[in-house]
Every structure is written in structure tokens, then in C-alpha cells.
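What follows is a short report on a single structure.
The values are calculated or read from the model by the stated rules, or taken from the named source; none is laboratory data. Computed from a prediction, not measured in an experiment: that's the story for all the values here. Positions of Cβ are backbone-derived with ideal geometry, glycine not excepted, and every protein chain shown enters the neighbour counts. All accessible areas refer to the heavy atoms of the entire protein, side chains included, with ligands and DNA or RNA removed. Shrake-Rupley method; radii C 1.70, N 1.55, O 1.52, S 1.80 Å.
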Amino acid sequence: MKVAIIGGGLAGLTAAAYLSKDPTVEGVLFERSPQLGGRAFTYEKAGFTLNYGAHAVYGIDRHEITVMERELGLTFHSKQVDKRQVMYAKHDQLTPAPLDFVNLMRTELLNPRQKVRFVGEITAIIAHIHNIKNYSTLGEYLAQSNADEDVKELWEHLVCSNFFITPEEARKVPGPVISEYYHNLFLSNRPVNYILGSWAVITNQLREKIDLSGRWELALQEAVESVNYAERQFVLKTKHRELRFDRVVFAMPVQQIGKLLKGSPWEPFMVPYESNTATEVMVYDIGLKRVVARPFSYISDMDNKLFISDVSATDHTLVPEGGQLLQGIAYLSDGFADEEERKAYLDSKTKQMEALFDHYYPGWREETAVKRVSKKAMVASVKNIATNRLLPTRIDHVPFYFCGDGCVGKGELAERAFSSARQVAKAILEDMKLSCVGN
Ligand SMILES: Cc1cc2nc3c(=O)[nH]c(=O)nc-3n(C[C@H](O)[C@H](O)[C@H](O)COP(=O)(O)OP(=O)(O)OC[C@H]3O[C@@H](n4cnc5c(N)ncnc54)[C@H](O)[C@@H]3O)c2cc1C
């Protein structure tokens, strides 16, 4: 059987790595860029390893990557971000983020009575008996909750930081999503980890597995321009060739799938997913020649909704000797009247970010060796809020398979890219077995 995978990000590579284990499957993975990795792309500059996106893994012991580690034989090391060094800043005061019981007792965000209340909420989430799963959104749950405003604000802020969204959007996250996500995270012994050496450690190994099979072609800088069906096969066209396949996997953002299928018989099936909105953030990476200050590993500014991770405090492999790598991220609102208003908003976010750097890392401007500012980085191709619809991995009457962080799957962000891709690979192998039995 011949399979085409369109997209060489985490999802496409994962699907190909699973499929490459089967000797009866061969295929081509098409990637339009010159390199693999998609939004998990990593590059080197002046001795610093920069990730296009961050590489934090939330709840690694219960994360899909741990399943893949076992099933695909991946080897990587991860390091836990020091929980005692994760701080929230509110009204210019720093206090421990309530990531675990110790921090919760120490934090000044809540008074003793509110702490008891919050512990009760966590316990109910862990036991899967929290009422939130019966509410359509976090906002609806909070509106009827008799908890103090500080407890409500803490819920919102947690969701902001795990989903990379603003408080307004956090209130739109469905109750069942919150219940499931925090059930896993609160049960985890390792809430925030970095893959040492960045996502490249994972993407390189997935690539090796695929290459080693000898049955897969990795077609870089080859965008798929159209997909058609003729004589019981799918015909994929790129700029230079036309190839036929038995199965097609779309491993790219939903918005781009819609464009690729425009004018095809499958266009109408994509309409419900066309108006989905993506999660976008501003990223401000700075590589410093020396460690200018190391107050904490992570500082989240609750007032302005931005945070700075001292990535090199956890993963020193990403910097040259004595260097420091800081990543600032700002959650962004949308819905601006015009481009000018949006630009002014982004400029104000840039200034807030630089002020936060000035406050906690004085002298950073003079020591900057590498700087990368991206004012519109797509963290999740579909924001997981009630007004959006994640794309299922299969759709009735559509012969394709879909995976990626905009698809239905376990977890958020990269975890959903991994989990949906694994699910798709297993479904293809299962379908193949069934059709063999049928023949
Ligand atoms: C700033 C930032 C911070 C992040 N932080 C985290 C984090 O801390 N933890 C976490 O888990 N996740 C994080 N993420 C999210 C994570 O990077 C993504 O969820 C993940 O990389 C998505 O992978 P994907 O394969 O679904 O999609 P993509 O990476 O978008 O891959 C899709 C690929 O398809 C290719 N493509 C598109 N159209 C075509 C075509 N016609 N033909 C051929 N190829 C095509 C694209 O070039 C791309 O390479 C972050 C992302 C960003 C941007």
C-alpha cells in the first residue's frame, strides 16, 4: 500500500514513523519547506539553539510522547523546570505559582481559606468529580461558582498559561476540555519539562526511523498543489510531478487543508472548519552573551498576560558557554477594527515585554547576541474554545485521514499533534488489515 503524508511537522513525522514500521506500507512525506519540523523547527544562531516554538512538555509522565518513546524506541532526556522557580507576578509582587502543594501553601495569591477551596477544586478534578465537566465553558462554571474572585482569577490564569490565550478566551474553553486536561496535569509528577536539546532531538529521531525503513521518501521543498481521485487512486500534484497513492494523510493546519481542497469534491466537508481561529502569540527570544540575572526560571506577569522563560536555566545545552537564553511570550487578543489598531496593540505588547526584561534582567540590551521577535506565531492551528471545532481524524464520506494540533486528539498543542498522528497511523494499518480480510 502506498501512503502520502502532506506536511512534515511533528504530526506528519509521527504518522510516517509509525507507518514505516510496517513492511507492507511505503510512502512519500511531502514538506513544502526546505526543512522538517514545521512549527517545531529548531535552528542555530551564534551558538544558541532557537526553537521556533517553545519545547515545554506539560505532564510528561502522562504525555503522548512517553507512549511514543516506548512504542517507537525514541531516546531523549528531559528536565523538569524547577517548580520552586516558577513565579507569578501580580501588582509588581512575585509569588510562587501554585503548581503543587508546596507552592500552593507558599503562594500569596490566595489567603488560607481560598487555598482550602482551591485544594478542594484540584482534588475534585483529580477524582474526576468536578462539576466543571458539565458546563459548556470555564466562564459559565465561574459565573455560577461561589468561589472568591482570587480563586476565579487563578483558574483563568492557569488556563491562559497552559493554552497560551488571553483571559477572555480562557473563559471560552469548554468545561470537559478543562476537566480532562487538568485531570492529567494535576496527577502528573512532572508538570513542566523541557526536552533537552529541543524538539530537534525528537524530529531527528523520527526522521531516522523513517529513513531506515528504506520504504519512504522524504520530499522536501515539494508542496502538494492538488489532490484528485481517478481510477481508484488518489492523484497528488506538485510543481514537478504527479504521483498516485492508496491513502492520503493531511498533517497540516486545518486552514491550509481547506485551501488545498478548494474546488475538489471534498470542499463542502471542510466548510464547518473554515471559520476556526488559531492561537497566536508574540514571541521575543533573546540570546545573551552572559547570564545577566537568574531570579527565576519562569515569570508570568498576571497583569499584562505575558511571561518570560529562562530556557537555559533548565536546558543549558541550548547556549554557548556562560550564555543565557530567554523567551518572552505574550498572549494576544484579536478582533481589531483595522490593521493600524492591531499594529498599535502589538507595539504596546513589545514595550510591555521589554519593560519586563528590564525589570528582571537589567543589562540584557547590552548583552544581546541574538534576538528574534515574531509578532504573530501560530501556537495552535485551532484554538480550543467553544466557538471553534477541532477537525476529526476521519470525516464521514471523506476518504482522507487528518492529524495535527488542530485535530481531535489527546492533550493540547504538540501533544495533540502527536496523539492524532499516532491514531491516524493505527487507523490506516487497521483499515488495511480489514481490507485484506475482505479480499
Ligand atoms: C511560539 C510557540 C510556542 C509553542 N510552545 C509549545 C510548547 O511549549 N509546548 C507544546 O507542546 N507545543 C508548543 N507549541 C506548539 C507546537 O509547536 C505545535 O503544536 C506543533 O509543532 C504542531 O505540529 P503540526 O505537525 O500539527 O503542524 P505544523 O508544525 O504546522 O506542520 C505542518 C507542516 O505542513 C507543511 N505544509 C503545509 N502545507 C503544505 C503543502 N501543501 N504541501 C506540503 N507541506 C505542507 C508546513 O510547511 C508544515 O511544516 C508552540 C508553538 C509556537 C509557535
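For the subset of the stretch 325-343 comprising residues that are of a type in the set (A, V, I, L, M) and not in a strand (DSSP E or B), which member is farthest from the chain's Cα centre (by Cα)? Among them, the one singled out is ALA337. Within the stretch 195-213, residues that are open to solvent by 10 Å² or more (accessible area, probe 1.4 Å) have Cβ atoms under 7 Å from residues that are among the acidic types (Asp, Glu) in these pairs: LEU196/ASP315, counting only partners at least 6 apart in sequence or on another chain. Just one residue in the set ALA427, ALA369 is away from the ligand (no atom under 16 Å from the Cβ), at pLDDT 95 or above, closer than 30 Å to SER264 by Cβ and surrounded by fewer than 22 Cβ atoms within 10 Å (Cβ to Cβ); that residue is ALA427.
Scanning the stretch 388-406 for residues that are under 17 Å from the mean Cα position of the chain (by Cα) and more than 8 Å from the ligand (Cβ to nearest atom) yields ASN388, ARG389, LEU390, LEU391, PHE402. Considered as a group, the residues in the stretch 147-168 that are over 21 Å from MET282 (Cβ atoms) and aliphatic (A, V, I, L, M) include one that is farthest from the chain's Cα centre (by Cα), and that residue is ALA147.
When only residues in the stretch 158-194 that are among the β-branched types (Val, Ile, Thr) and within 14 Å of the ligand (Cβ to nearest atom) count, which is least open to solvent (accessible area, probe 1.4 Å)?
Among residues in the stretch 158-194 that are among the β-branched types (Val, Ile, Thr) and within 14 Å of the ligand (Cβ to nearest atom), the one least open to solvent (accessible area, probe 1.4 Å) is ILE165.
Looking only at strands (runs of 3 or more DSSP E) that lie completely in the stretch 63-135, which have at least 2 residues being closer than 27 Å to GLN423 by Cβ?
Where strands (runs of 3 or more DSSP E) fall fully within the stretch 63-135, none carries at least 2 residues being closer than 27 Å to GLN423 by Cβ.
Determine whether the stretch 286-296 contains at least one residue that is outside the structural domain of THR393 (by TED's automatic domain parsing) and within 24 Å of ARG39 (Cβ to Cβ). Checking the stretch 286-296: at least one residue is outside the structural domain of THR393 (by TED's automatic domain parsing) and within 24 Å of ARG39 (Cβ to Cβ). Number of residues in the stretch 141-160 that are among the charged types (D, E, K, R) and in contact with a Gly (Cβ under 7 Å, 6 or more places away or on another chain) equals 0. Of the residues making up the stretch 19-69, just one is open to solvent by 10 Å² or more (accessible area, probe 1.4 Å), more than 11 Å from the ligand (Cβ to nearest atom) and of a type in the set (Phe, Trp, Tyr), namely TYR43.
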